[in-house]
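Note sheet for the following structure.
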Amino acid sequence: MTESSPLVGADQLRTHIASQGDQVKADLTTAVSFDSVFGTNNGSCAASAAWVQQSFTEVGIADVHSVETVDGSFPLFGFTAPADGCPTVLLYCHHDVQPADDQPGWNSNPWELTEKEGRWYGRGTADDKGNMVAHLAALRALREWAPQSDHPEHTYGGIGVRLVVEGSEEAGGEGLEMLVAEQPELFAADAILIADTGNVAVGVPTINISLRGVVSLKVTVKTLRSPIHSGQYGGPAPDALYALIHMLASLRDADGGLTIDGLDASQTWEGVQYSPAEFAADAGVLEGVELSTAGTPSELAWARPTLTVTGVDAASTAHAINAVPAEASAMLNLRVPPKMDVREAEEKLIAHLQNHRPWNAQVECEPLGTGEPYLADTSGSAHVGMQQALAAAYGVSVDKVELSADGGSIPLCAALKTAHPNTQLVLFGVEEPLCGIHGPNESVDPTEITAIATAEALFLANYR
């Protein structure tokens, strides 16, 4: 497939997918009803996996089965072989989700698909069950179109399809990453479509070409045997919470820029730009509150290392007493851009915390895991083909397909590139900023599911 070649089956595939509106909604309604939070709701995870297995079997994927991994998850695999001389494409998604039951702010039951003002609300509607039902819609359409293809006897008109549906992605995906290294043949393909990202805005087709890696770290500060009276001892006594605050404050400057000793934070971004106004609106920044000004939103969110304090253990305000804290902890989340070594970044973060502790406080740093960054090669036929397919699905010219980045992490991408260095990965999907993934009131625009399913079907029909 080249940028100028016509797409076969375009009209038929569009028609097939456009007719699936009720089926897509029914699929997503069922998928969302499973509170498939890995490690918490094992019964729901198993029921979700069983439904996934049945659904992909029904649309033509052969031998859909689970494989146990080291983290106790059971990702699903399937494979419909290609016709002679045709390539194989791997389709990836995940059916596990973030927790929602203890998350305040939901306006509807997170486990019931709720329609409001043209969007569908519920946990997983976008991340990643919306992408999963887009896969189903694309394969269903491709199967209907196959009799009109050059290989009418083949399930999907010639293209081989390998399926991978992960069950522990939101918990880190360690099991699937290790399985890639141990059994790379399960992931062998000519191209890999990772449906777990999305567009820069509704209706703006986008391919994600860059992901940051991640370092997770717990830091604990200890200064006293136990809390002591703040009136009697406050002042000379080393305050563990204050020491922690001092250390955390040293990680960023007044403009919001990262200041970890020895870690470069001056990278730039040359692709599509995320304007400050768009970023503030998408992020829900409160009126009058300013963004970090150490760089553009695109640079800070996509291209540079950034650090977030995701949790603090200390005396709560509801149970505070007049005492000097003896111990305090924080969870740190460091995002690492492509071409930066995550383990070196972790080492520099730990060294910085140790070097910036006041009063020679006792500091314990507990590494909780890392994930590698990812940078795409956009020169191959898979990227060119997906740009053309997205353009056709959204009704725009190829040059209107944006190449964007995501500040988040999918460590599986780096593992796949290590195992299959000559296979192109393409990252795309139904998620866009209004989806609010991982937060309360997660939602999806159903027109994005239809458009992404159309693009995927067009890609599969034309990739040779």
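Table for the structure above
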read-out: Value of Rg to Rh for the stretch 359-420 (Rh from inverse mean 1/r over Cα pairs, i.e. Kirkwood); value: 1.26
read-out: Residues whose placed amide H lies under 5 Å from that of residue 160, excluding near-sequence neighbours; value: 83, 88, 89
read-out: Furthest towards positive pole of dipole, 124, 289, 161, structure part the chain, Cβ charges; value: 289
read-out: Principal-axis tilt of helix 21-33 within the chain, Cα atoms, nearest 10 degrees; value: 40 degrees
read-out: In order through the stretch 233-242: 3J(HN,Hα) via Karplus (6.51 cos²θ - 1.76 cosθ + 1.60), integer Hz, x for Gly, Pro; value: 10, x, x, x, 5, x, 8, 5, 5, 5
read-out: By average C-beta atoms within 10 angstrom, highest first, the peptides 10-17, 314-321; value: 10-17, 314-321
read-out: Peptide ranges 337-348, 222-233 listed from the most packed, as the mean C-beta count within 10 angstrom indicates; value: 337-348, 222-233
read-out: Nearest-ten-degree value, helix 42-58 long axis tilted from longest Cα axis of the chain; value: 20 degrees
read-out: Cα lying deepest toward the dipole's positive end in the chain, options 436, 98, 229, charges on Cβ; value: 229
read-out: Most to least packed among 103-115, 412-424 [average Cβ atoms within 10 Å]; value: 412-424, 103-115
read-out: C-alpha long axis of helix 342-355 to longest principal axis of the chain, angle in °; value: 10 degrees
read-out: Only Lys, Arg (+1) and Asp, Glu (-1) charged, at Cβ; the chain dipole about Cα centre in debye; value: 440 debye
read-out: Antiparallel DSSP beta bridges within the chain, as percent of all bridges there, nearest 5; value: 65 percent
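Bear in mind these aren't lab numbers, they're just calculated from the coordinates by the rules spelled out. It should be emphasised that the depicted structure is a prediction, and the values quoted were computed from it without experimental measurement. Virtual Cβ from ideal backbone geometry, glycine too; neighbours counted across all protein chains shown.
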